[in-house]
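Q: Sending over a structure as structure tokens; questions will come in a sec.
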Amino acid sequence: MKSHTAYLQLKTRERYQIVNLTGAVEQELAKSGIREGLCLVNSMHITSSVFINDNESGLHSDFLKWVEKLAPYDLHGYSHNLTGEDNADAHLKRTIMGREVVVAITGGRLDFGPWEQIFYGEFDGQRSKRVLVKIIGE
Ligand code: ZN
């Protein structure tokens, strides 16, 4: 079995931002030379997510509005922020949107459904973050 590990570096311009990772993950798959296997992609931070959905900007805006409704930014409303942090909402948003995705590799390609792409969801950005890509197979 072969394996390939990569760390994608991200630093979003905005505090809340969705970034398409599909091309970067496909590049790592090409480097790996793996034809059949599994590809794990996960955020290494507890205030950002990795998820699969449609590459449609209206939907991305809907996701950001939806998580803001469920876990609004509130400097004084969360116990976590009493520690001097300001990102309790980001921890909750990350949990809603998920930590990782696993995609099957078939014939050297990410075996997506018709509209699936991989996204990074940042909820406490404007600083350096990492995403792990781990590909195993043969
Ligand atoms: Zn925190």
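The values are calculated or read from the model by the stated rules, or taken from the named source; none is laboratory data. As the structure is a prediction and not an experimental result, all values here were calculated from the model. All Cβ positions, even for glycine, are placed from backbone atoms using ideal geometry, and neighbour counts span all protein chains on display. Only protein heavy atoms, including side chains, enter the accessible area calculation; ligands, DNA and RNA are left aside. Shrake-Rupley method; radii C 1.70, N 1.55, O 1.52, S 1.80 Å.
Q: Could you tell me the distance between the Cα centroids of region 52-87 and region 1-38, to the nearest Å?
A: So the separation of the two Cα centres works out to 24 Å.
Q: Further question: Sort Phe63, Phe51 by accessible area with a 1.4 Å probe, largest first.
A: On the way: Phe63 35, Phe51 15 Å².
Putting Phe63, Phe51 in descending order of accessible area: Phe63, Phe51.
Q: Restricting to DSSP loop positions (anything but H, G, I, E, B) with no more than 16 other Cβ atoms inside 10 Å of their own Cβ, which GluC sites (Glu not before Pro) remain in region 1-90? Display every interim value, and only then the final one.
A: Numbers: sites: Glu14, Glu26, Glu28, Glu36, Glu56, Glu68, Glu85; in loops: Glu14, Glu36, Glu56, Glu85.
Passing sites in region 1-90 are Glu14, Glu36, Glu56, Glu85.
Q: Among Gly37, Gly77, Gly121, which one moves the most in a GNM of the chain with springs linking Cα atoms closer than 10 Å?
A: Gly77
Q: Only residues of region 23-40 count here: report those whose backbone N is under 18 Å from the spot 7 Å along Cα→Cβ of Asn55, or say none.
A: 23-31
Q: Return one whole number: the accessible area per residue of the chain in Å², for a 1.4 Å probe.
A: Working: 7540 Å² over 138 residues.
I get 55 Å² per residue for this part.
Q: Using a Förster distance of 22 angstrom, determine the FRET efficiency expected from the C-beta separation of Ala30 and Glu116, and round it to 0.05. Don't skip to the end; give the middle numbers.
A: Values: r = 19 Å, r/R0 = 0.84.
Taking R0 as 22 Å, the efficiency between Ala30 and Glu116 is 0.75.
Q: Right, something else. Kindly provide the pair-distance distribution of region 1-120 built from C-alpha pairs, with 5 Å bins from 0 and whole-percent values in order of increasing distance.
A: 2, 10, 19, 21, 17, 12, 9, 6, 3, 1, 0
Q: Arg109 to Ile46: extension gain in nm, 0.36 nm per residue of separation minus the Cα-Cα distance?
A: Details: separation 63, 0.36 × 63 = 22.68 nm, distance 2.89 nm.
19.8 nm is the gain from fully extending Arg109 to Ile46.
Q: Here is a follow-up. Could you sort Leu92, Leu29 by accessible area so the largest value comes first, with the probe set to 1.4 Å? Walk me through the numbers before you get to the answer.
A: On the way: Leu92 80, Leu29 10 Å².
My answer, sorted largest first, is Leu92, Leu29.
Q: Right, something else. Roll a 1.4 angstrom probe over the protein heavy atoms and tell me the percent of accessible area of the chain that is carbon or sulfur.
A: Solvent-exposed carbon and sulfur of the chain make up 52 percent of the total.
Q: Accessible area, 1.4 Å probe, largest first: how do Thr106, Thr83 sort?
A: Values: Thr106 65, Thr83 105 Å².
In descending accessible area the options line up as Thr83, Thr106.
Q: Can you check what the net charge comes to around Leu64, using other residues whose Cβ is under 11 Å from the Cβ of Leu64 (Lys, Arg +1; Asp, Glu -1)?
A: Net charge in that neighbourhood comes out at 0.
Q: What trypsin sites (Lys or Arg not before Pro) in region 22-69 are in a loop by DSSP, with at most 14 other Cβ atoms within 10 Å of the Cβ? Please list the in-between numbers first.
A: Numbers: sites: Lys31, Arg35, Lys65, Lys69; in loops: Arg35.
In loop regions of region 22-69 (DSSP not H, G, I, E or B), the sparsely surrounded trypsin sites (Lys or Arg not before Pro) are Arg35.
Q: Here's another thing I want to ask about it. Quote the relative contact order of the chain in percent (integer), defining contacts as alpha-carbon pairs under 8 Å separated by 6+ residues.
A: Values: 292 pairs, mean separation 74.1, N = 138.
Relative contact order of the chain: 54 percent.
Q: Here's a follow-up. Given points 7 Å out from each Cα along the Cα-Cβ axis, report the Thr83 to Arg15 separation in nanometres with one decimal.
A: Each label point is offset 7 Å from its Cα along the Cβ direction, giving 1.9 nm.
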